[in-house]
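Enquirer: Below you will find the structure I want to go over with you.
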Amino acid sequence: MRILLFTGKGGVGKTTTAAATALHLARGGQRVVVTSADAAHSLGDSLGMDDLGSEPLEVAPNCWAQQLDGRERLEENWAEIRDWMVELFDWAGVDDVAAEELAVLPGLEEMFSLTEIDTLAATGDFDVIIVDCAPTAETIRLLSLPEILGWYMERFFPASRRLNRMVGPLVSRLSSLPVADDAVFMAGKRFYDRIDSVRELLCDPSLTSVRMVLNPESMVIAEARRTHTYLSLFGYQVDAVVVNRVLPDDVDGEWVESWRSSQARNIEELDASFADIPRFTATHGGSEVRGVDHLVAFAEDLWGDSDPSERLSVVKPISIDKEGDDFVLSIVLPFVTGSQTDLARKGDDLFISLGPHRRCLTLPDSLARREIAGAVVEDGHLRITFVTSSD
């Protein structure tokens, strides 16, 4: 089984690329499902279908598609927690409508849409799962959440649950404050287990690849570089870049020539920025790509004889190497300088801060018992050296 995530800045054509790739692989005989993790669904529009819903619908031979209603999955998995939060807000004096809204945390629906990957994978019905992701900033936030939740669940969840069992009955006797019962904690645990399962799938490079879709525009390329950096920070592998809407050579005109010249300069910048990642190009067809026939033609132009279900490049996001008596932890961080990163360590946890994002790595035993002797960013890698403790 393979999982392909298509992401990019809003409007670059990631939904078109995801849908076209699904149809392309299905025509080659693979069983493919394409699902939308973007709250602003446009997958049905791309396929020219108005009846896509939360259950996979066969849209072509060997090809299924779905536009998941995140609220449906939320109702299935968040009911106990929501009911307790509503009671809590009501106790605090919040009116009913506001309490209902506050009980659904921002981003939850999108997160439950992401957990659908685990559901689809567990069926065993598909050779390839294709995910039409939300725009890049939201995708990075969603893909970083499993690790953040994991850090909390491993360290604080058991203690919080034990404390609630001890203190909850006393609080209930002394006040009317609604206290979370064990069902609430179990619902939280089930939610985390699903998120953790999704992360295991997505961070396995033999299963999952991220494809960045962009247009040959300087602002889009700049965002793609940042996206590549942040995805690498959290352990996701980008194995291809799709350049969409490249002007064909057989179109003439002074205005077109000016635009083509600008695109050529940006593609040169793109080649320099992503020299180690395969690049695939889709030519601007001069019209909207909508409907199965147009998507099939788009995919043939884009992929040619290549098999997009394969791993198109192999990069190990994190590695540990022995150098003499020392160990070096190497993390792929393209386009980053040393001044942009910040490290902190607390026990077995190593915190890496990069811009607005922060990742916590739990060190393996081979590194946890050693001290950090230094860190340097070179050739797109953050290299942290661990030496034997002086104690």
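The values are calculated or read from the model by the stated rules, or taken from the named source; none is laboratory data. Note that the coordinates shown come from a computational prediction; the quantities given were computed from them, not determined experimentally. A quick note on method: Cβ atoms are made from the backbone with ideal geometry, for glycine too, and the neighbour counts reach across all protein chains shown. We work out accessible area using only protein heavy atoms, side chains counted, and drop any ligands, DNA or RNA first. Shrake-Rupley method; radii C 1.70, N 1.55, O 1.52, S 1.80 Å.
Enquirer: Keeping all protein chains in the complex and leaving out DNA, RNA and ligands, what accessible area do you get for Asp342 with a 1.4 Å probe, in Å² to the nearest 10?
Expert: 90 Å²
Enquirer: How many nm is it between the label spots at Asp301 and Ala79, if each spot is 7 Å from the Cα in line with the beta carbon?
Expert: 4.8 nm
Enquirer: Taking Rh as the Kirkwood radius, which is the inverse of the mean 1/r over Cα pairs, what is the Rg/Rh value for segment 219-370?
Expert: Rg/Rh for segment 219-370 comes to 1.10.
Enquirer: Sticking with this structure for a sec: Give the long-range amide H neighbours of Val213: residues separated by 5 or more places, or on another chain, with amide H under 5 Å away, using H modelled in the peptide plane at 1.01 Å from N.
Expert: Placed amide hydrogens put Thr7, Gly8, Val242 under 5 Å from Val213.
Enquirer: To continue, here is another question. As a test question: what accessible area, to the nearest 10 Å², does Leu354 have when a 1.4 Å probe is rolled over all protein chains in place?
Expert: 10 Å²
Enquirer: What are the principal axis extents of the Cα atoms in segment 229-308, in Å, biggest first?
Expert: Projected onto its principal axes, the Cα set of segment 229-308 covers 44, 32, 21 Å.
Enquirer: Going from most exposed to least, what order do Lys322, Lys316 have by accessible area with a 1.4 Å probe?
Expert: Final ranking, largest accessible area leading: Lys316, Lys322.
Enquirer: Another question, if that's okay. Using Cα positions and a limit of under 26 Å, work out the lysines in reach of Lys189, with same-chain residues fewer than 8 apart set aside.
Expert: Result set, ordered by chain and number: Lys346.
Enquirer: Moving on. Apply the Karplus curve 6.51 cos²θ - 1.76 cosθ + 1.60, θ = phi - 60°, to the phi angles in segment 22-30 and return the couplings in whole Hz, x for Gly and Pro.
Expert: 4, 5, 4, 5, 5, 5, x, x, 8
Enquirer: While we're on this one: Please list 3J(HN,Hα) in residue order for segment 329-340, calculated via the Karplus relation 6.51 cos²θ - 1.76 cosθ + 1.60 where θ = phi - 60°; whole Hz, with x for glycine and proline.
Expert: With the stated coefficients, segment 329-340 comes to 8, 10, 10, 5, 9, x, 6, 10, 10, x, 5, 8 Hz.
Enquirer: Ordering Tyr236, Tyr192 by accessible area with a probe of 1.4 Å, largest first, what comes out?
Expert: Descending order: Tyr192, Tyr236.
Enquirer: Please compute P(r) over all alpha-carbon pairs of segment 174-280, binned at 10 Å starting from zero, and give each bin as a whole-number percent.
Expert: Spelled out bin by bin, segment 174-280 gives 12, 30, 20, 15, 11, 7, 4, 1, 0 percent.
Enquirer: Okay, moving on. What nm distance separates the two modelled labels at Ala272 and Arg345, each placed 7 Å from Cα along Cα→Cβ?
Expert: Between Ala272 and Arg345, the simple spin-label model gives 3.7 nm.
Enquirer: Taking θ as phi - 60°, what are the ³J(HN,Hα) couplings along segment 210-218 by the Karplus curve (6.51, -1.76, 1.60), each to the nearest whole Hz, with x for Gly and Pro?
Expert: Using θ = phi - 60°, the values come out as 9, 10, 8, 9, 8, 9, x, 10, 4 Hz.
Enquirer: Still on this model: Trp64's amide H: which non-local residues (gap 5+, or another chain) put their own amide H closer than 5 Å, with H modeled 1.01 Å from N in plane and none for Pro or chain starts?
Expert: Val32, Val33, Val34, Val59
Enquirer: When ligands, DNA and RNA are left out and all protein chains stay put, how many square angstrom of accessible area per residue does segment 241-374 have with a 1.4 Å probe?
Expert: Computed with neighbouring chains in place, this is 56 Å² per residue.
Enquirer: OK, next. Pull up all non-local amide H partners of Asp69: gap of 5 or more, or a different chain, and H-to-H distance under 5 Å with H placed in the peptide plane.
Expert: Ser54
Enquirer: May I ask you to list the lysines whose Cα is less than 26 Å away from that of Lys9, ignoring any residue fewer than eight positions away on the same chain?
Expert: Correct list for Lys9: Lys316.
Enquirer: Further question on the same structure: If the viscosity is 0.692 mPa s and the temperature 37 °C, what translational diffusion coefficient in µm²/s does Stokes-Einstein give for segment 4-47 when Rh comes from Kirkwood over Cα pairs?
Expert: 300 µm²/s
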